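No lab work stands behind these numbers, since they all come straight from the coordinates. Since the model is a prediction, treat every value here as computed from it, not as a measurement. Positions of Cβ are backbone-derived with ideal geometry, glycine not excepted, and every protein chain shown enters the neighbour counts.
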Amino acid sequence: MKKLANRLWPRRWHPFALATQCVRKAARNGIISGPFAGMRYLDKSLCSALMPKLLGIYESEVNEAVEDCCSHGYKTILNVGAAEGYYAVGLARRCPGALVHAFETEAEGREMIQQLAAINGCADRIQVHGLCTPDDLQLLLQNHPDALLVMDVEGAEDDLLQPERIPELAGCRILVELHEFAVPGIRNRLRERFAPTHEIQEYLSEERRLEDLPVRSLLLDRWLIKLTREFRPEAMSWYDLKPLQK
């Protein structure tokens, strides 16, 4: 029955496939909108949904924080849990005077970061590393105390973001995705750890609306909105931690 259905209605003509084609055509191998608009992109992503990135609405909850970071003029950016390089390369493009250290444990991800950096002309300003240990983090922050740290490490933020162990974190701006489902209580623990040294802004995940889409098609809007799904295990949140003293 399924084979017959595919013959009568090929997958390429399914509305979901047409919506995907619509986005790819509008993107022209790049990101359509958002803080990294214009960045050329790969044809796949690592451990995350590709379409929201091409649309430019991936993690759009933190766009305000990302724009603020880009306006600061950071000279050193650490991206821990860089995946294929969405933030590492995006921030390198937006902060042309910055050197970016991208940490990614997956070998495929490290290769993708290098490819993405190359096609965007910033490979010379991105250093790619593997696993980030607390010692690695402390060493970089000792040498670059006024750094920006962007972190998405599936719960390892509990081990890495410890000001008592790494006092240099006190002067570092941190944008971190919280993984409460992986490490229960991490939201409160990080708030307690950084309240003495940082202003804390929390962002909560939101459902995408048609108005959020940079690409619209009357016949495909229902399917385009489905392309915005990021397939999270639950509602997510982020902390933007700004040092109180500079």
- Give the order of H101, H129 when sorted by the count of other beta carbons within 10 angstrom, beginning with the fewest. H129, H101
- Neighbour-count order for I113, I186, fewest beta carbons within 10 angstrom listed first: I186, I113
- Message: To test your reading of the geometry: what angle, between 0 and 90 degrees and rounded to tens, separates the Cα axis of helix 107-119 from the longest principal axis of the chain?
- Response: 80
- Query: Do any chymotrypsin sites (Phe, Trp or Tyr not before Pro) in the range 130-234 lie in a loop, going by DSSP, with at most 14 other beta-carbon atoms within 10 Å of their beta carbon, and if so which?
  - Reply: F181, F231
- Rg to Rh for the chain: what is it, with Cα atoms only and Rh by Kirkwood? 1.01
- Over all viewing directions the Cα convex hull of the range 152-246 casts an average projected area in nm² of 7.4
- Message: Per 0.36 nm of contour for each residue apart, how much would the distance between D68 and I225 grow if the chain were fully extended, relative to their Cα-Cα spacing?
- Response: 53.8 nm
- Item | GluC sites (Glu not before Pro), loop per DSSP, at most 13 other Cβ atoms within 10 Å - longest free stretch of the chain | 1-153
- So, relative contact order of the range 13-112 in percent, Cα under 8 Å, 6 or more apart, is 23
- Task: Give, as a single signed number, the net charge of other residues whose beta carbon lies under 15 Å from the beta carbon of G38, with Lys and Arg counted +1 and Asp and Glu -1.
- Result: +4
- Message: At 222 nm, what value in deg cm²/dmol follows for the chain if DSSP H runs of at least 4 each add -39500 (n - 2.57) and the sum is divided by all its residues, to the nearest 500?
- Response: -10000 deg cm²/dmol
- Task: Return a whole-number percent for the relative contact order of the chain, with Cα pairs under 8 Å and 6 or more residues apart as the contact set.
- Result: 20
